[in-house]
Amino acid sequence: MKVKPMSAEDKRVWLTIAGIVVLGICFLPIGQWLFGIRYTYTVRVVALGGSILGVISGALGCFAVLRRESLMGDALSHAALPGVAVAFLLAGRDLGVLLIGAGIASWIALRFISALLGTTRLKQDAAMGIVLASWFAGGIALLAYIQSIPDASQAGLDRFIFGQAAAIIESDLLLISGAGVVVLLALALFWKEFKLVTFDQEFAGANGFQVGLINTLLSTLIVIAIVLGLQLAGVILMVGILIAPGIAARQWTRKLNHMVILAAVFGAFAGGVGAVISAIDADIPTGPMIIVVAFTLVLASIALAPGRGLLWSSWRRRLDSRRFARQNALRDLYRYALSHGSPATPVPDTFVRGIGDRSAALGLRQLLSAGLVETMGDNWRLTDAGIEAARRDAHSLRLWDLYRLYADDMDLPLLGEDRHLDIRDVLPADAIGQLEAMTEQRPN
Amino acid sequence: MNDRAPLALSVEDLTVAYHSKPAIWDIDLGVPEGVLMAIVGPNGAGKSTLIKAVLNLIPRAAGTVSFYGSPYEQARSLVGYVPQRGSVDWDFPTSVLDVVTMGLYGKLGWLRRPRRKERDLALFALEQVGLLDLVDRQISQLSGGQQQRTFLARALVQDAQIYFMDEPFAAVDAITERAIVKILHQLKERGKTVLVVHHDLQTVEDYFDWVTLLNVEVVASGPAAEVFTPENLQKTYGGRVSYLHDGQVLAAGD
C-alpha cells in the first residue's frame, strides 16, 4: 500500500494527541506529589472509568456539536433522571437497570421533542426547554418520594444529579467498556452515513439514504453516551463532558475523523484527571471537577490551536496586513512614478503616506529593507530591483485581466484562485504563453 | 411538446401546502429527455419547493412524479441533486475532495467505504469544474463560487441521467458562472436532462433551451423560444415594471 506523506496539519494533530496522553500520564505522579493522592484500588478504578466514559462522550459529542444540538444533549441528559427513579422503584439499585431506565426516559424525551417539532410550529429551543424542565421536575419529585421510603434512602440516587465517580466499582467498568465498544463500533460502521447526514441532510435524502433512520440511530448513540456518563457528571453537567471535548478538538483540526479521535482523547483526559482530583476528598463532586478540566482544555484550544486559535489568527492577520501593505505601497509608487515620467521618478513622501498612512509606512519599511526602494530626501524612489518587482506585479494583473476576458475563448484551464496571487504561479506555463502572446497582440 | 421523445420527468397534479396554503399548486409538467430547463418565477413562487417535492424531500399534499416512467424510489440512481449552497454549514470539518466523494456514497450503499476508485472519480469531477488545485482545501476557506463548484462536482460524480440544481448561479463570480455554463452544455451533449432554478431573466435564453415559468402554478412550460415571451413573463411576475422591461428587451432581441 502506498503511504501518503503526512501533511503538516496531520502531524500537528497527532502531536497534540501524543501531548495530551503524555500530560495525562504525567499527571499521575504530579498529582501524587502535589495533592498527596494515593492510587488505591478504588482511585484506579475511578480514573479508568472516568477515562473510558470520557472517550465515549467525547467521540459522540462531536456530532452533537456539529449538528448544533449541544443543547439537545442538555435536554436529553436532564430527561434521564425520571428514568433512573422509575427503574429504581421497579427493579432496585442495580446500575445496569438504572442506566437502562435512564436511557429509556431520555430516548422518549428525544422522540417527544421530534414529535413536537414535526407536528407543531414550536421552535427547537422551546421544544427542548419544555421537555428538559418537565422531565427533570418529574425526576426530582420521584427522587424526593424515594428518599421518603425508609429502606431506599441509602440508595445514593443523588449521585445522578451531580455525578459521583467514587461510586464506580469494578463490575461497572465491565458494563461501561462493553457498552462503549458497541457504541464506538456502531460509530465506525455507520461513519459514512453519519458524516453525510450531519453535513447535508437534503443531499443524503435525495441520494436515497433513509435520513430519518440514520438520525435516530445517531441520536440513540448520543443518548447511550449520555446515559453512561451520568455517574460521572450527573444529569445537570453531563452536557459539558459531552460537548467540551468536541469543541476543543474542533480548534485543532479540519478533518472529521481527527476531530473525533482528538475529542475522545480530550474526553479521556478530562474524565480521568477530573475523577482522580475528585478522589482527593469524598466531598469533591466528580462532575464539576471534570467539567473544570474539560473547560480548561477548551480555553487552551481556543487560545492556542494553530489555524483557528486566537493567537494564530491575530498573527495571520498581521502577516496579511504586512503582505498587502507591501503590495499596495509598491503599486502606488510605481503608478505615481510612471504617470510622472519614468518608473525611477522620485515619489514625494506626502503622496505615498497620504493614501495609506499607517499601512503605507508598514509597506515602505518592508520595501526599504528588501532593497526595492531608496530614500532621496523627502522622496522615495524605486530601485532597479523595485522596478522589476513592480513590473512583474503589473504584468500579472494585466494577464489576470486578459484571463478574465478570454479564458473561455482560448479554452484555458479554469482557476479556483484569484488575482491577489501571481498568475504565473497558478496557471501552467503553456497557458501563460498563450496569454503572453495575447498581450503582444493587444498592447494596453 | 414533442410527444415522441421519452419524458425524463413527468409530474402530475403535484401540490405542496404549508398550513393549507399551497406553495405549489396542481403542477403538471413533462420534461423531455436531453433538455436544459430553467425554472423561473418570482420569490415565493415555489421554485425550490417544486424541486424538493419532486425529489421527495418534503411531503406532498397530492400528485405523482415519475422519472423515465418509474417512481422516485426505483429511479434514485438516475437523479442528481445540487442543493442551494446556503443549505449546509460550510464550517464543517472536511475537505473539498471529501465533499465531492459524498456524491458516491449513495452508490456505495451501507457499510462500504470509498476507496481509490471513488477518489479518482471525485478528482475527475473536480478537474471538470476547475477546482483541481483546491482538492485538499478545508471547505470553510472556499469562496461562494468555489462552494458552488464543489457542489456541482459532487453532483457530477453521481453520474445521473437527470439533474436538479437549486439556484446554482446565485451570487457567484464570473469564472464560476462560466464553469457552470460549460458543465451544463457538456451534460446536454451527453444526453442528460438538467433542471435549474434560475433567477436571472437576462440569461435564460442564452443558457437554456427549455423554460418553465412558475408562480405557484405553472404559467407556461416548453421550448424557450415559444414560452419565454413578454406576455408569459407578465403573467408570471404580475406585471412588475422591471421584469416587464427585461421581457420587452428580450422580445425585441428575438
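The values are calculated or read from the model by the stated rules, or taken from the named source; none is laboratory data. These figures come from a predicted structure and were not determined experimentally. Every residue, glycine as well, gets a Cβ built from its backbone with ideal geometry; the counts of neighbours run over all protein chains shown. Each accessible area value is taken on the protein alone, full model and side chains, heavy atoms only, with ligands, DNA and RNA left out. Shrake-Rupley method; radii C 1.70, N 1.55, O 1.52, S 1.80 Å.
Can you tell me which residue is surrounded by the fewest Cβ atoms within 10 Å (Cβ to Cβ) among those in segment B:80-91 that are at pLDDT below 90 and more than 7 Å from chain A (Cβ to nearest Cβ)? Filtering first and then ranking leaves B:G86. Across segment A:202-220, the number of residues qualifying as open to solvent by 10 Å² or more (accessible area, probe 1.4 Å) and in contact (Cβ under 8 Å) with a residue 40 or more places away in the chain comes to 2. Residues of segment A:269-281 that are crowded, with 24+ Cβ neighbours inside 10 Å, within 20 Å of A:D172 (Cβ to Cβ) and not hydroxyl-bearing (S, T, Y): A:A270, A:G271, A:G272, A:V273, A:G274, A:A275, A:V276, A:A279.
Kindly establish whether A:D357 is within 14 Å of another protein chain (Cβ to nearest Cβ) and open to solvent by 50 Å² or more (accessible area, probe 1.4 Å). No.
The set of residues in segment A:406-434 that are within 10 Å of another protein chain (Cβ to nearest Cβ), within 20 Å of B:H185 (Cα to Cα) and either part of a helix (DSSP H, G or I) or at pLDDT 80 or above (or both) comprises A:A407, A:D408. Within segment B:92-126, the set of residues being more than 9 Å from every other protein chain (Cβ to nearest Cβ) and open to solvent by 40 Å² or more (accessible area, probe 1.4 Å) comprises B:R115, B:R116, B:K117, B:R119, B:D120, B:L121, B:L123, B:F124.
For segment A:275-290, the condition of being modelled with pLDDT under 85, in a helix (DSSP H, G or I) and touching a Pro at 6+ places or on another chain (Cβ under 9 Å) holds for at least one residue. Against the criterion of being part of a helix (DSSP H, G or I), more than 14 Å from chain B (Cβ to nearest Cβ) and surrounded by 15 or more Cβ atoms within 10 Å (Cβ to Cβ), A:R317 does not qualify. Taking each residue of segment B:44-66 that is free of Cβ contacts under 8 Å to residues at least 24 places away in the same chain and within 14 Å of chain A (Cβ to nearest Cβ) and looking for partners that are of a type outside the set (S, T, Y) and in a helix (DSSP H, G or I) with beta-carbon atoms closer than 7 Å, six or more apart or interchain, yields B:L57/A:E202; B:L57/A:G205; B:L57/A:A206.
One residue is enough: does segment A:240-262 have a residue meeting the conditions over 30 Å from A:A167 (Cα atoms), in contact with a strand residue (DSSP E or B) (Cβ under 9 Å, 6 or more places away or on another chain) and either surrounded by fewer than 24 Cβ atoms within 10 Å (Cβ to Cβ) or within 14 Å of chain B (Cβ to nearest Cβ) (or both)? Yes; the residues of segment A:240-262 include at least one that is over 30 Å from A:A167 (Cα atoms), in contact with a strand residue (DSSP E or B) (Cβ under 9 Å, 6 or more places away or on another chain) and either surrounded by fewer than 24 Cβ atoms within 10 Å (Cβ to Cβ) or within 14 Å of chain B (Cβ to nearest Cβ) (or both).
Under the condition of being closer than 18 Å to A:L397 by Cα and either within 43 Å of the chain's Cα centre (by Cα) or touching a residue at least 12 places away in the same chain (Cβ under 8 Å) (or both), the residues counted in segment A:338-374 number 1.
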